[in-house]
Amino acid sequence: MNSIVMRGVLVGALAGLLFGFDTAVIAGTTQGLAAAFHLDPAALGITVSSALWGTLAGAMSAGLPGDRFGARNCLRMIGLMYVISGTGCFLAPSLPLLIACRVLGGLAIGASSVLAPTYLAEIAPPKRRGAMVGMFQLNVVSGILVAYLSNYFIGMLGLGVEEWRWKFGVTVLPALLLCVFLLTIPNSPRWLAIKGRVNEARDVLASIGIANAAAELESYLAAHAANGGKRARLSWKDYTKPMLLAIAIAAFNQLSGINAILYYLNDIFAAAGFGKVSADLQSVIIGATNLAFTLLALTIIDRVGRKTLLVIGSFGLIAALSATAFIQLTGTHQDLLLWMLALFIASFAFSQGSVIWVYISEIFPTEVRSRGQSLGSSTHWFMDALIAAAFPLVAAYSKGLPFVFFAAAMVVQLVVVARFFPETKGVTLEAMQRALNTQRVS
């Protein structure tokens, strides 16, 4: 864990921070946006989900340039997109321009959800890969908490009808930091090796502290040759197992309801009778719980394993979502709502939240890793956009019905993970390629 590796982790951390902040900041702006632009529930759902469709486009389109030009180089463009998006949302004079800037921010979120974990996985030693790639998720969670804190403190300033602009605008500061740190890290040695830039790859391996750089480099080149070399494509024929695993873990991540709940957290508390400041403060408590249990998961993910965390977390998610559905359907025990949502967040952070980006980054070979990550991320954001757009409409019909659906989905997740998901802890990326039978046969 020398200085170059640590700077790589810091870049992944900042990308995750922006991911989380931009995802959650909308929760504190929904009421201001509805008042400023006279939005009904359907229009509000479209406004909130607009960034998510940009995120989906970013996730779908990032894989090919990531494999072609390298994750680091693409992340530099993503940093600039965050800066432009935050500035535009702050200054937006109209709803269409605001939505356009949110879509641009969504493009950056989607692309960074593909390329930041890919970069971290390719520079991390196998025994620390779970924790290092998990740093991305830790800082997604940190970004969510920072967004809630920022919304809370900005809300206390009495800025009136312009309050929502400031909540969006503060995104610019971490975006500028990301741009600066991206200038200080090298390209992935695995990516350099498969592009034929062997001397550069050897130099990077030496600089990140690999004791036997020559042997490591040879393993990259051997895996590349076994995988079909430059002809490698992400196809169902060659990569059925990892593609199905990526789609499954990403879909279940959103079928838990996590992002819909985060986006509309203040509205959920308001529906249960809490005031604006109280809802903001309770959102901070939820964000702090998210951070604490993500930290806990990252301390054990490389010992306990990814699959075990997913199974344990499923039980907590089922219990919390079922209880929340009961509270919202019956209108009773509202005093327990905060605790049930905290249990939900804790269970999610300890399992799906900490595992998803680690797992997807591990199961594809280097030649198609960015495209494989793109597949998983695209699935994640497609489901996110659908659920976020539908949530206010379904909740307007029945406050408890969305939570019934989410609880049922987590029962299915428990069965699928226990039955079909392989464990990936402590396995080199090249060995994982062989274990999943993803080497191509010419």
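Please give the length that would be gained between Met156 and Ala390 if that part of the chain were fully extended, namely 0.36 nm times their separation in residues minus their C-alpha to C-alpha distance (nm, one decimal).
Working: separation 234, 0.36 × 234 = 84.24 nm, distance 3.07 nm.
Length difference between fully extended and current span is 81.2 nm.
Counting other Cβ atoms within 10 Å, which chymotrypsin sites (Phe, Trp or Tyr not before Pro) in region 328-382 have at most 13 and lie in a DSSP loop? Provide the component values of the computation, followed by the final result.
On the way: sites: Trp339, Phe344, Phe348, Phe350, Trp357, Tyr359, Trp381, Phe382; in loops: none.
In loop regions of region 328-382 (DSSP not H, G, I, E or B), there are no sparsely surrounded chymotrypsin sites (Phe, Trp or Tyr not before Pro).
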At R0 = 41 Å the Cβ-Cβ FRET efficiency linking Arg197 and Trp166, nearest 0.05, sits at 0.35
Relative contact order [Cα under 8 Å, 6+ residues apart], the chain, whole percent: 27
Enter the accessible area per residue of region 71-129 (Å², integer; probe 1.4 Å; all protein chains in place). 33
Build a GNM of the chain with springs between Cα atoms under 10 Å: which of Val170, Val417, Val161 gets the top mean-square fluctuation? Val161
With each pseudo-label sitting 7 Å past Cα toward Cβ, what's the Ala206-Ser219 distance in nm, one decimal? 2.0
For region 1-72, the spread of Cα positions along each principal axis, largest first, Å: 52, 26, 12
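Using helices alone, I'd like the mean residue ellipticity at 222 nm for the chain: each DSSP H run of four-plus residues gives -39500 (n - 2.57), total over residue count, nearest 500.
Details: 21 runs with 351 residues, N = 442.
Theoretical 222 nm ellipticity from helices: -26500 deg cm²/dmol.
Using the 2.2 N^0.38 Å rule of thumb for compact globular proteins, work out how the chain stacks up: its C-alpha Rg over that value, please.
0.95
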So, with a 1.4 angstrom probe, what is the percent of accessible area on the chain that is carbon and sulfur? 70
The rounded separation in angstrom of the Cα centers of region 167-245 and region 1-72 is 22
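Can you give the Rg to Rh ratio for region 79-169, taking only C-alpha atoms and Rh from Kirkwood? Kindly include the intermediate steps, with their values, before the conclusion.
On the way: Rg = 16.3 Å, Rh = 14.9 Å.
Checking Rg against Rh, the ratio lands at 1.09.
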What is the Cα centroid distance between region 293-318 and region 372-442, reported in whole angstrom? 15
Hz values of 3J(HN,Hα) by residue in region 338-349 - Karplus curve (6.51, -1.76, 1.60), Gly and Pro given as x: 4, 6, 5, 5, 5, 5, 4, 4, 4, 5, 5, 4
Nitroxide proxy distance, nm - points 7 Å out along Cα→Cβ at Leu177 and Arg233: 4.3
Could you tell me the number of lysine pairs in the chain with C-alpha atoms less than 29 Å from each other, where the two lysines are 8 or more residues apart or belong to different chains? 19
Full extension from Ser398 to Asn2: what is 0.36 nm times the residue separation minus their Cα-Cα distance, to one decimal in nm? 137.2 nm
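Using a 1.4 angstrom probe, figure out how much accessible area region 295-442 has per residue, in square angstrom, rounded to the nearest whole.
On the way: 5480 Å² over 148 residues.
Per residue, region 295-442 has an accessible area of 37 Å².
The values are calculated or read from the model by the stated rules, or taken from the named source; none is laboratory data. No experiment lies behind these values; they were computed from the predicted model shown. With ideal geometry, Cβ positions are generated from the backbone for all residues, glycine too; neighbour counts draw on all protein chains shown. We work out accessible area using only protein heavy atoms, side chains counted, and drop any ligands, DNA or RNA first. Shrake-Rupley method; radii C 1.70, N 1.55, O 1.52, S 1.80 Å.
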